[in-house]
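Heads up: the structure comes next, in structure tokens.
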Amino acid sequence: MRGCAWISLPPALPDLGIAGRSRISAVAPIQSPPMSRTSRRGSEIEPYLVDESRLGGGCAEEVGWPSSAEEAAAMLAAWNARELPVTVSGGGTGVVGGRVPRGGAVLATDRLNRVLDLRPVEGGALLRVQAGVSLAEVQRVAAEAGLLYPPDPTESGCLIGGNLATNASGARSLRFGSSRRWVEAVRVALVDGSSGWVRRGDLPLVGASVVCDLFEGRQIALPVPRWRLPATTKCTAGYHSSEGMDLVDLLVGSEGTLCVFLEAELRVLAAPAEILSGLLFFEQEARAFDFVGAARRALQPWALELIGAEALALLREQGTAIPAGARAAIFFEQGIAAAEADRRDDHWEAWLALAERSGAAAESWLADSAADDRRFRDLRHAIPATINETLSRRGVRKVSTDTAVPRGRAPELIRRYRRRLDEQGFEYVVFGHAGDEHVHVNILPRDAEQMPRIE
């Protein structure tokens, strides 16, 4: 099978400066103080006034660094008594300004950074962590135990609390969905400092509203979201609404408006015996999307990621040996369970046959090892990293879209974007989660004068 003539292994990829790095964000990690405390010193507040959005105007009166759920609850209670609004600070990797405070206090989760427990259960394990543990650390702990935490946001330097607040997803959401699906329980605090655990299934949300018996004897009348979600395979915006949902479902993705996440119990699975992956190049983007549709129907992909022509050009500029005729690429992944390991070659042959039928270039690349798969993933992640670094040098911020559409509609969406952006003469990059028809269009201002036109 490896002797296949029409597909080749990749040449050595250049050092893109991100291999082994947990962060692609240009915002530097903050060094939190060695003990729990609060501060009103400007120099200690200042690092928490920005995030990867590069939005200006952040201001706050006070910052607090709890190291336990109890300390966080006490800080919230004290600020609530003073009627201070609170902004929760995670890893600062968000691009919409969620961490940028507009007054009040900042609850920094930097020191809520302990892995607390790993307990075997049927089908995997439950991993309990504090909210300030990074995604990279969760993935590392799981991997060392022969397990897999399925959610896979691009920025692995993000913190679990932020992942849950935003219901983060990523490349593997095609197979595994978003973070919400993998949460068994959360320890949360309300703005007044009352806190406790909410467990999956304990508080079903039925009807138009429910009265929830929460922490410390509190009862809250809670309207139940009842709206129709868009006809997309992926929707992580707004309060969750679905039949059979419970309070955990509602809290995850509530963007800090309902609670502060302090700890979480996450479900992890047995790791696959092997991950098959490749980077397939196409001369036409339409053929790449044909491949995506066929792979969804016939195979069992974990991820199908689009790298558009503009993104390929960006990688070429960084020294990556992208084939000259390539106008689009698809990164694919499929995990092979231990029980299926003896059918490994059958799975490979199915991917190769589909790639050939779909017109993938002979210079396409297949992973021969876990290290190759990591290199491909690093290459995909190099796109936003390179954009961030380019804009940092220019002293401007990007304007980006983050749009999911019904299946089969992404090519039309991209055509419309390109037509309008080309008419305006704007520089832009297209990439995204093709399997979920979830497109990222990043617009790169040349200078500050161009920002108003783009916005």
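Considered as an equivalent ellipsoid built on the Cα gyration tensor, segment 48-173 has semi-axes of 29, 18, 10 Å, the largest given first.
For the chain, the Kirkwood hydrodynamic radius from C-alpha pairs, put into Stokes-Einstein at 20 °C and a viscosity of 1.002 mPa s, yields a diffusion coefficient of 92 µm² per second.
Cα extents for segment 337-455 along the principal axes, largest to smallest and rounded to whole angstrom: 59, 31, 27.
Per residue of the chain, the DSSP helices (runs of n ≥ 4 H) give a summed -39500 (n - 2.57) that works out to -8000 deg cm²/dmol at 222 nm. Taking a Cβ cut-off of under 15 Å around Val211, the surrounding Lys, Arg, Asp and Glu residues balance to a net charge of -2, with basic ones at +1 and acidic ones at -1. Annotation: segment 147-201 has a Kirkwood hydrodynamic radius of 12.3 angstrom, from the mean reciprocal C-alpha pair distance. Summary of the geometry: segment 243-259 and segment 76-144, compared by the centres of their Cα atoms, lie 16 Å apart. The distance linking segment 363-405 with segment 270-285 is 15 Å (Cα centroid to Cα centroid, whole angstrom).
Place a +1 charge on the Cβ of each Lys and Arg in the chain and a -1 charge on the Cβ of each Asp and Glu, then give the dipole magnitude about the Cα centre in debye, rounded to the nearest 20.
Numbers: 52 positive and 58 negative charges, 140 e Å.
With Lys and Arg at +1 and Asp and Glu at -1, about 680 debye.
If you look at the Cα atoms of segment 163-314, you get an Rg and a Dmax of 19.4, 63 Å.
With Cβ to Cβ distances under 14 Å as the rule, what net charge do the other residues near Ala286 carry (K, R +1; D, E -1)? Don't skip to the answer; put the middle values down first.
On the way: positive: Arg287, Arg327, Arg409, Arg415, Arg418; negative: Glu283, Glu285, Asp290, Glu412.
Result for the local shell: +1.
Each of Gly193, Ala165, His240 was scored by the projection of its Cα onto the charge dipole of segment 147-246, and the greatest displacement toward the positive side belongs to His240; charges sit on the C-beta of Lys, Arg, Asp and Glu. The modelled label-to-label distance between Ala370 and Ala237, using points 7 Å beyond Cα along the C-beta direction, is 3.8 nm. Of all the C-alpha pairs in segment 184-253, what % are more than 14 Å from each other? Of all Cα-Cα pairs in segment 184-253, 61 percent lie more than 14 Å apart.
Remark: segment 202-209, residue by residue, has Karplus-estimated 3J(HN,Hα) of 5, 10, x, 9, 10, x, 7, 7 Hz, where x stands for each Gly or Pro and the curve is 6.51 cos²θ - 1.76 cosθ + 1.60 at θ = phi - 60°.
With a sphere of radius 13 Å drawn around the Cβ of Phe376, what net charge do the other residues whose Cβ falls strictly inside it have (Lys, Arg +1; Asp, Glu -1)? Can you show the working numbers first?
Values: positive: Arg374, Arg375, Arg377, Arg380; negative: Glu305, Glu333, Asp368, Asp372, Asp373, Asp378.
Neighbour charge sum, excluding Phe376 itself: -2.
Dipole size of segment 260-320 about its Cα centre, with +1 on Lys/Arg Cβ and -1 on Asp/Glu Cβ: approximately 220 debye, rounded to the nearest 20.
None of the figures in this text is laboratory data; all of them are computed from the coordinates on show. Nothing here was measured: the structure is a model prediction, and the numbers come from that model. Note that each Cβ is placed from the backbone with ideal geometry, even for glycine, and that neighbours are counted across all protein chains shown.
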